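Since the structure comes first, as C-alpha cells, the remarks are kept for the end.
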Amino acid sequence: MRWLAGLLVVFCLGLTTTALAKISDATETCISCHASVTPGIVADWKNSLHSRITPAEALKKDKLSRRISAEKVPAKLANVVVGCAECHTMNPKTHKDTFEHNGYQVHVVVTPKDCQTCHPVEVAQYDKNIMSHAYINLKKNPVYHNLMDTSLGPQVFKDGKLFYEKSDDLAEADACLHCHGTKVEVKGLKARETELGEMEFPVLSGWPNNGPGRLNPDGSMGSCSSCHPRHAFSIAVARKPYICAECHKGPDVPAYKVYMVSKHGNIFSSTKCKWNFDAVPWTVGKDFTAPTCATCHASLLVDQEGNVIAERTHQMNDRSAWRIFGLIYAHPHPKDPDTTKIKNKAGLPLPTELTGEPVSAFLIDEAEMEARTARMKKVCSACHATSWVEGFFTRFEKTIETTNKQTLAATQILLEAWNKGVAKGLPSSIFDEAIEKMWVEQWLFFANSTRFAAAMDGADYGAFANGRWYLNKNLQQMSDWLKFLLEAKGK
Amino acid sequence: MRWLAGLLVVFCLGLTTTALAKISDATETCISCHASVTPGIVADWKNSLHSRITPAEALKKDKLSRRISAEKVPAKLANVVVGCAECHTMNPKTHKDTFEHNGYQVHVVVTPKDCQTCHPVEVAQYDKNIMSHAYINLKKNPVYHNLMDTSLGPQVFKDGKLFYEKSDDLAEADACLHCHGTKVEVKGLKARETELGEMEFPVLSGWPNNGPGRLNPDGSMGSCSSCHPRHAFSIAVARKPYICAECHKGPDVPAYKVYMVSKHGNIFSSTKCKWNFDAVPWTVGKDFTAPTCATCHASLLVDQEGNVIAERTHQMNDRSAWRIFGLIYAHPHPKDPDTTKIKNKAGLPLPTELTGEPVSAFLIDEAEMEARTARMKKVCSACHATSWVEGFFTRFEKTIETTNKQTLAATQILLEAWNKGVAKGLPSSIFDEAIEKMWVEQWLFFANSTRFAAAMDGADYGAFANGRWYLNKNLQQMSDWLKFLLEAKGK
Amino acid sequence: MRWLAGLLVVFCLGLTTTALAKISDATETCISCHASVTPGIVADWKNSLHSRITPAEALKKDKLSRRISAEKVPAKLANVVVGCAECHTMNPKTHKDTFEHNGYQVHVVVTPKDCQTCHPVEVAQYDKNIMSHAYINLKKNPVYHNLMDTSLGPQVFKDGKLFYEKSDDLAEADACLHCHGTKVEVKGLKARETELGEMEFPVLSGWPNNGPGRLNPDGSMGSCSSCHPRHAFSIAVARKPYICAECHKGPDVPAYKVYMVSKHGNIFSSTKCKWNFDAVPWTVGKDFTAPTCATCHASLLVDQEGNVIAERTHQMNDRSAWRIFGLIYAHPHPKDPDTTKIKNKAGLPLPTELTGEPVSAFLIDEAEMEARTARMKKVCSACHATSWVEGFFTRFEKTIETTNKQTLAATQILLEAWNKGVAKGLPSSIFDEAIEKMWVEQWLFFANSTRFAAAMDGADYGAFANGRWYLNKNLQQMSDWLKFLLEAKGK
C-alpha cells in the first residue's frame, strides 16, 4: 500500500504548494530562518488550515460552514494565508512585548485581541467565559489567594512547629497558574547569540504559559492556544477531550476522568477513529456518535438535514445552569465572569455563605438557569428520548442537593473545631491546618467528583473513586480527628 | 486522497441502500419521525450490522462465523433487517412498559428476553453470569445493602455527632446501581407536547440505566447494551477494554487501570489501530497481537488454521476460578450467580467467614476451579510457553493467599476495636465508623488492586498504586488509630 | 473499500512471501511446530521488521536510516532474516538456560548479549543506563531492600501488635521486580507432555519477567523486550508513551500520567494517528508534531533537511541532569549506574544525607549536568523559542529546590518523633511505622509528582493531583499525628 500512499502524498504536496503561493512576503521571511531554527512549529503550521486558505476564501463559505466570524477582514490580510507575520506583527503598538526583529515589529505573545481580527464572535463569547477571568478571579480574591498560598507552601519546621513561607511566583506559575493563566510582563530586553549573530529578545515574566485566563502584554485576557494549540490551531484538537484534560483531570475537577468511564467516553474511545472531527458544522450521528466535551459545551451542532441543534459558543457555561466545582458549595453560575465583585453576608468574596446559602444577587436567576438547561437538553435529545433526559437531570439536581448537605456537615465539624479552640478559623487562614485541609477535600475533591459523576453518568466517581465513599469516610475521620485534637489539647 | 475516499463513500452508500431495502414497514415508520426527533441514534443504527443484514442472511454463515445463535428465527423477522420496530415492539405483552405510540405497541426498555430471539445461547450464558444478578445480589443482601447505605450517606451533624440519613433512590441509581443496575418500573403515563402534538409516554423509575444487572419491566435481568451500546450494538466495541472500564476502573475494581499498564494493555494501545475488532471468529496473531478483556474472558478465539482455542462465553467467570474482588476475602467463585442464598457459619450472607475461611458448600469445587483455569491457560498458551504460564499462575495464587492474610490482620485490629468498645461491631453496622472504613479499604481497594495486578501483570498496582504499600500503611495507621481512639475514650 | 484493501493485502502478502524465502532452516523448523503451538507470537513476528529484512540488507542503509549499529554481522546470520533460531540458539554456551530441544540447543531467555550481535551501540548505552542496574540497585542496597520489605509485607497481628513477616520471592516478582527485573535462574529440568510427546524444559525461577534490570541466565543485565515487546520488537511501540507507562505511571513515578495531561501529551493523543512512528531517523514536524517520552529521552531526531537535532541514546539519563524520583531528595544523577557503591557521611547507601545534602563525590558534576541539559534544550528548541525554554528550566530548577525543602520539613518532624521515642529510627527500619510511611509518601509520591509536573508542564500533578496540596497537607497531618502519638504515649 506504500506506493499508493506515496503517490497520494506527492499529489497532496502538489495541492499544498498551490496554497503556499499565497504566503505573504513577511511570512516568507520568517519561514526562511525558522524552518531551520524552529522546524517543528513551521511544519505544524504548514499542516494547518491557516496555511492553506486565505481569509477572503474563508469568507466565501456558507454561514454554517464558515470558520471565521468577521464580516470582513482588513484588505492586507484578506488574500494571504494566515502565517507567522500575520499574527506576530499584528497590533504592534498595543503589544508591550513588541520588539524589533530583522526589520519587523514582532511580538511573542499572540492574544485573543489578535485572533479577533478574523474571529470576533468567538473572542467576545470567550470574554464572558469564567475561564478568561481565571487569573484575576484567583489572584484578586483574598480567600482564594489564601487557598493557593496554603496549598503551594512551602512550609518549614522550626522549634517543633510548622510555618508557611510565602509562595513564590515560579511555583504559582508551575501549579495553579498553569491553568488559571499567568500575568505575562515584559521585563526588558536581553541579547543572545543566535546562528545569525547577536540579537535582542524581550524578557518575559510568567512565561511560558498557555492558561485560558492569562493576562497578556497587550492587556487582553486569555489564550486561544489553550484549546487550539499552536501552531496548528485545529478545531479537531479542540473537539477531542484530551485538550480539556490538561486542566480538567485532577481530583479538584475530574471531568475528563469521569467522561472517560462514562458510556459517552467509552464509545468515543472505541469508535473515534471513524469520526470526522474537522467538519463544520458538526453533524450528529454522521460525524460522531457520542458527545465529547465540546459537543455538549461549545460546538455548533446540526442534524443530517442541516437543522441547528445548538449554536456554537465559546462561553463555556452557556449550556450549564450550575457551577459544580471549585467553590465550597455548588450554586447557580455567577452573572458576571469577574467573580471578584461577589460578597456574601459575612463579607467574604464567596458566592455562598460558609453554611451554603447562595448569594443570589450575584448569581443567575431561575429563568436564566432554565434557558441554559434547555439548550443542554436539546443536545441530549439528539440521541435520547425525553424520559431519559428528564430522569437524568432529576438525579443530577438531587446530587447537587446531597453533596451540598455533606459539605455542610463537614463545615459544622470544622466550626466546632474552631469554637473549641483546636483550630483557628477566620480571620486567620481557614485552609492551613490538617482538619481544615480535610474539610477542603470534602468539597474540592469529593463533592465535586460526585457531582461530575452525576453530570456525566460517570459511575464510580460518584461512588468509590473520590465520590460518596470519601464524602462519608472523610466525615467520620474528621469527627475522630476532632476528638484526637481535643484530647491532645486537654493535656 | 479525498477524491478516492469520496468515491468509495459513494460506492459504500450504494451498498447500504441495497441493504436498507429490506427495512420493515414498521421500522420505516419509526425512522420517518425519529430521523429528525433523535437523529443521533438513527444514524448510529444505520452504521450498524443490524441495519445491513437480515437474520435469514445471518443464519447462512458457517458456524464459526455466525453472530447469531438461534437455529431459526420467527418468519416475520427473518427477511427484514433488525430495526427499531423489530426490537421495540417485540413481546409487547410481557413488557409492562409497552404503550401505544402512533398505532404501535412500543416498549422503551429492550431486554435480554427480546435479544434472545436471535441470540439465545448468549442470553442463557449471561443468565449464569454474576453480573446479571448484580442488582439483587446487592439489594437483597443485608450486609451489602448496609455497605451501600453507609457508603452513600448523606450524614448530618447534630449536637456534636454524625448521623446517617437514609440513602435515597436517586443517589443509589447515580452511584452503585449505575453498574449493578436499577429496578426499572412503570409509574404511570405522562402526556408531553411533541412536534407531532400531545403524546403519552410511560414514566419509569430507575431510568435511565444500562447496568448489567438491571431488573427490567418484563421481569428479565440485565442489559445487553451495557457492553454492546445502543444503537450500534457492535462486537468491536465490546472487544475493546474501554467498555469494561465503565464499571471496572475505580479503586474497588481497578481492572481497566491495571490492564492499561500491563504489557498486554500497552501493546493494545500502541497497535490497536492495525487490529481487526470485527472479525468473527477472532484469530490470534492475525486479528490482534495482545489480549483485551474480551479475549481472555469472553471471545471465541481461533488460530490461523481455524482451530478453536476458546469457545465464546457470556458467563464472564467461565475461565476464572477465583473471585478476587468485591468481597472481604478472595475465594472460589460461587456456584450460583444468585449469591443471596449464601450463608456463612455466623449466619451472615457472605462467602467466607469474617476471618477468611471459605463457605465451601456454596462455592465451586477444586475440579471446577481447575477446569476454568485450564480454559484460561489455553488462551495464554496461544502466545506463551508453558513455563511462562505456570510461573504466572503460581504467583497469582500466592498473591491471593497473602492478600487474604493482610485482610485478616486488618480484621483482627477491627475486632480489637470492637472488643475494647471504641467501635461498634455486629449487630450494628460494620461499615459506618472511621476505623471500619479503613478496614473496608484494606480489602475493597488495596487487596483487590494487588490481586488484579497479579492477575494481569500490572506492576505498580501490586506495589505503590493502591497495592501492597497501602495494605501495609493502612495496617500501621489502623493500629495507631486504635491507640488514639483508646486514648480519647480513656478520658 | 474492502475490495481495495483486499487487493493490497494480497499484494503485500506477495512481498512478504519473497522476504520469507530467506528464513533459515532452523527457524523454519521452529515455525513448523510453533505456528500451531504458540500461533500468536509466530504471527506477531511475521508482521515484524525482523521477519522481512536480513542483516546484510539492513547494513546497506545510509547511516542515519540504519537500525542496526554493528559494522558487520557473522556470516551465517547476514543473509537470513532474524527468526526464532537466530536469537534463541545464539551463544548457547553462555546461556545456563540452554536445553536440548528437537536437536537444537535452545535457550528461553533472549538477552541484550544476544541482541548486541546486531545492536552493539544500543546495548553498550543501555549498560550505562540506571535502568539496566535496577535489580541490583534495589536488592543489594540494604536501605532500599528494607523499603521493599516493609512495603510488601505481609504483616500479621499477634497479641495486640503488628509484625512484618519476611516478604516472599513471588511477591517481590509480582510487585517491585516486575519493573526492577528479577534474577532468572535455572532450577533444573522438568518433563512435560506436549503434542509431540514428552519433552524436557528448564525450570526457571523469577520467570516470567521483562523488567529492564533483569539478571539473565547468561549473566547479562536487562531485557530489550521491556520496551520493544516480543515478538515484533518494534521501534514504533517504543516511541509511544504507553510502553513507558508500564513502569512509570504509579504515584511513585507518575511520568506517564503527567505527560498525558501536558500539552505535549494531549497533542499526541489527538493527532498521533497521523504521525509516523516507524521512520528512522525521526523528523520533527514531519513525522510528529509533539514529543513523546522517546523523543526527549532517547530518539535520533533530525529536521526536515536531515540535520541531527539529537543523537539516539539508550542511556535514558543522557539528556537529564537531575534525578527527580525514587530517592529521598532530588539530586544530580549518579556517575555510575551501579548505585550500590554510594555511601553518604552517615554511612548509608544513599546519594544524599538524610537532611538533603548531596553526596557529590558519587554524582555528576556541574559541567556534565550542563552538557546533559544542553542536549535536552536542543530538543525543546526544535519547537520553542529560547525565552520559552529558559523560562521553563528556571521553574523546573526552582521546583527541585522547594520540593527538597518540603521533604526536609517532613524529615525534621520524623526526627522529632524518633527523638521523643514515639517511633524507632536507625538502626531500626525507617520505613515500617505509620508516621514513617507518611514521611515516605512526602518524597516518594508528592515531591516526585510535583517535580514530574514541573519537568513536563503537567499542571495539576504539581497542584492537587498528588502535588503541592499533598506536600502541605501531609506535613500538617504528620505534625498532628506526632501530637497524637505523644499523647497516647503519655498515658
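Every number here is computed from the coordinates shown, using simple stated rules; none is lab data. Note that this is a predicted model, so its numbers are computed, not measured. Ideal geometry is used to build each Cβ from the backbone, glycine not excepted, and the neighbour counts take in all protein chains shown.
For this structure, a couple of remarks:
- B:GLU71 versus A:ALA75: modelled label distance in nm, points set 7 Å from Cα along the beta carbon direction: 8.5 nm
- Residue pairs, from the table B:LYS398/C:LYS183; A:LYS420/C:LYS161; A:LYS190/C:LYS398, whose Cα atoms sit over 29 Å apart: A:LYS420/C:LYS161
- When Rg and Dmax are taken over the Cα atoms of the protein assembly as shown, they come to 31.7, 89 Å.
- For residues of A:387-393, the mean tally of beta carbons on other chains within 10 Å: 5
- Computed E for C:VAL121/A:ASP278 - FRET, C-beta separation, R0 30 angstrom, nearest 0.05: 0.10
- Chain C shape via C-alpha gyration tensor axes, a/c threshold 1.5: oblate
- Cα-based helix-to-principal-axis angle, B:468-490 vs chain B, degrees rounded to 10: 50 degrees
- Pair C:LYS166, A:ALA346: separation of 7 Å Cα→Cβ label points (nm): 5.8 nm
- Amide H contacts under 5 Å for A:HIS231, placed H, 5+ residues apart: A:TRP45
- Taking the alpha carbon gyration tensor of the stretch C:109-230, multiplying each eigenvalue by 5 and rooting it gives semi-axes of 30, 23, 10 Å, largest first.
- The GluC sites (Glu not before Pro) found in the stretch A:136-201 that occupy coil by DSSP, while having at most 10 further C-beta atoms within 10 Å, are A:GLU195.
- Shape category assigned to the stretch C:235-490 from the gyration tensor of Cα positions, a/c cut at 1.5: prolate
- Each other residue within a Cβ distance under 14 Å of A:ASN448 adds +1 if Lys or Arg and -1 if Asp or Glu, for a net charge of +2.
- The stretch B:422-491 and the stretch A:270-318: distance between their alpha carbon centers, rounded to Å: 45 Å
- For B:MET369, inter-copy separations between label points set 7 Å beyond Cα along the Cβ vector come to 5.6, 5.6 nm, shortest first.
- Compared with the dominant Cα axis of chain C, that is its longest principal axis, helix C:386-419 is turned about 50°.
- Counted charge near A:VAL156, where neighbours are those whose Cβ lies closer than 9 Å (Asp, Glu -1; Lys, Arg +1): +1
- Other-chain or far-sequence residues with amide H under 5 Å of A:LYS190's (modelled H): A:PHE201, A:VAL203
- Exam field: C:GLY347 pseudo-label spacings to other copies (7 Å along Cα-Cβ), nanometres: 6.1, 6.1
- Distances between copies of B:ALA75, taken at a point 7 Å out from Cα along the Cα→Cβ vector and listed shortest first: 8.0, 8.0 nm.
- DSSP-loop trypsin sites (Lys or Arg not before Pro) across the stretch B:287-381, with at most 12 other Cβ within 10 angstrom: B:LYS345
- Normalised by the number of residues in chain C, the mean separation of alpha-carbon contacts (under 8 Å, six or more apart) gives a relative contact order of 12 percent.
- Counting charges near C:CYS247 (Lys, Arg +1; Asp, Glu -1) among other residues having Cβ under 11 Å from its Cβ returns a value of -1.
- Since only B:LEU170, B:TYR126, B:LEU204 are under comparison, the one whose Cα sits farthest along the positive direction of the charge dipole of the stretch B:103-205, derived from C-beta charges on Lys, Arg, Asp and Glu, is B:TYR126.
- R0 of 41 Å, Cβ-Cβ distance C:ALA191-B:GLU185: FRET efficiency to nearest 0.05: 0.10
- Relative contact order, percent, the stretch B:235-490 [alpha-carbon distance under 8 Å, six or more residues apart]: 19 percent
- Rounded to whole Hz, the Karplus (6.51, -1.76, 1.60) HN-Hα couplings of the stretch C:431-441, x for glycine and proline: 10, 9, 9, 4, 5, 5, 5, 5, 4, 4, 5
- Note on the protein assembly as shown: antiparallel DSSP beta bridges, both residues inside, total approximately 85 percent of the bridges counted.
- Degrees, to the nearest 10: B:25-37 long Cα axis against longest axis of chain B: 60 degrees
- Checking the Cα-Cα distances for A:LYS405/B:LYS483; A:LYS22/A:LYS72; B:LYS437/C:LYS158; C:LYS72/C:LYS272; A:LYS257/B:LYS263; A:LYS240/C:LYS378 against a 24 Å cut-off, the pairs over it are A:LYS405/B:LYS483; C:LYS72/C:LYS272; A:LYS240/C:LYS378.
- Minimum Cβ-to-axis distance in chain B for the rotation onto chain C, with residue, whole Å: B:PHE484, 3
- Taking the helices alone, chain A has a mean residue ellipticity at 222 nm of -12500 deg cm²/dmol, built from -39,500 (n - 2.57) per DSSP H run of at least 4 residues and averaged over all its residues.
- A cut-off of 5 Å between modelled amide H atoms, ignoring neighbours fewer than 5 places along the same chain, links A:HIS331 with A:ARG323.
- Per DSSP, loop GluC sites (Glu not before Pro) in the stretch A:427-489 with at most 11 further Cβ within 10 Å: none
- Rounded to the nearest 20, the size of the Cβ-charge dipole of chain C about its Cα centre is 780 debye, with Lys and Arg at +1 and Asp and Glu at -1.
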